[in-house]
1. Over the heavy atoms of Arg253, what accessible area does a 1.4 Å probe trace out, to the nearest 10 Å²?
2. Calculate, in nm to one decimal, what Met59 and Gln79 gain on full extension: separation in residues at 0.36 nm each, minus their alpha carbon distance.
3. Compute the relative contact order of the chain as a whole-number percentage, counting only Cα pairs closer than 8 Å that sit 6 or more residues apart in sequence.
4. Working from Cα positions, state the angle (0 to 90°, nearest 10) between the long axis of helix 124-135 and the longest principal axis of the chain.
5. Report the FRET efficiency, 1/(1 + (r/R0)^6), for Glu128 and Asn50, where r is their Cβ-Cβ distance and R0 is 35 Å, rounded to 0.05.
6. Summing Lys, Arg as +1 and Asp, Glu as -1, what charge do residues with Cβ under 15 Å from the Cβ of Thr175 carry, Thr175 excluded?
7. Arranged from highest to lowest average of other beta-carbon atoms within 10 Å per residue, in what order do the peptides 50-61, 23-34 appear?
8. What are the GluC sites (Glu not before Pro) within the range 115-165 that DSSP puts in a loop, where the Cβ has at most 15 other Cβ atoms within 10 Å?
Amino acid sequence: MVNTVEDVASKKSLLWRFRQILISLYLLTLFIMLPVIGVWTNKEVHATANKELGLMVDMVKSLRTFIAEDVRPPLLEKQIFHPPAVSSTVATKKVSGHFLKVQPDYYIKVASDNPLNPDNLPQPLEEEILETFRKDRDLKDLIREGKIEGNNYLVSSRPSVSKDSCLKCHGTASTAPKEITDLYKAGTGYGYTSGQVVGVSVVGVPLQDVKSLVFQRSLVAFVVLTGLFSGIFILMDQLIQRFIIKPVTHISRLAREVSGGVLEQEIKSSRTDEIGELAKAVELMRRSLVSATNRLRKKKD
């Protein structure tokens, strides 16, 4: 009975050590994997946002250049003051309005703290960006994260600098075209000077909630790793019991019988690994004991 208990205790100890190693490996994999998922997800979100942002910025820049260089000059020569055609700000607002109807997650605006149209007054983030450009006139563009109207965006912004052609509408109310004063009656948007930073062009692409995305991906990784390690755990547990625990237990039992004087049963093993070598060693011990016992008997006789 003592031998049986010791045998079971030894068997449990070996299995428990193996299980400890596998569980430790599982926990170590999770410990490494989860931070990696966080870093990778954050980079992926920003890379995707940056790519989209570049396309959006180029689109808005191209639109404003088209108005300033191709549309406005011939219209002004003919004394035509149709705001959506001669003002790149108005044109951007009109085009972005149509764009945002089909792509509402994005953000496009030319904001000013002294606009003709009060709708163009800046949000808090835009005020910060506007002041940044005014303090650093060498700064040509700025990319940063921020919240606008409660949504998280990756924002690209460029300063809107007034030119001589802008003063036609933004100089004074008395000299502004009638089409402008009739359309915009807020009394703001005048007093510009050439070279002044009067606003900021802002383009924003939505940033996915990185924490939420990391949690989702981490949960998937946790489920996959747990399932994988569970399968490995069960498979390895069965293999170890079959190919290591049971053979060692059998050899151990036979060795104890030999030590108790039972020398008739030959210990056989067809294995060529360490278990086979152990069986051969015990068998050699048994044969030695048999030889020694036989010699002692002959001497007594």
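The values are calculated or read from the model by the stated rules, or taken from the named source; none is laboratory data. All values derive from a computational prediction rather than experimental measurement. Every residue, glycine as well, gets a Cβ built from its backbone with ideal geometry; the counts of neighbours run over all protein chains shown. The area values use the complete protein model at the heavy-atom level, side chains included, leaving out ligands, DNA and RNA. Shrake-Rupley method; radii C 1.70, N 1.55, O 1.52, S 1.80 Å.
1. Number for this one is 100 Å².
2. On the way: separation 20, 0.36 × 20 = 7.20 nm, distance 2.81 nm.
Length difference between fully extended and current span is 4.4 nm.
3. Taking the mean separation of contacting Cα pairs over the length of the chain, I get 19 percent.
4. Approximately 70 degrees, to the nearest ten.
5. Values: r = 21 Å, r/R0 = 0.59.
The computed FRET efficiency comes out at 0.95.
6. Summing Lys/Arg as +1 and Asp/Glu as -1 gives -1.
7. Working: 50-61: 15.8, 23-34: 12.6.
Going by the mean number of other Cβ atoms within 10 Å, highest first, we get 50-61, 23-34.
8. Here the sparse-neighbourhood loop sites are Glu149.
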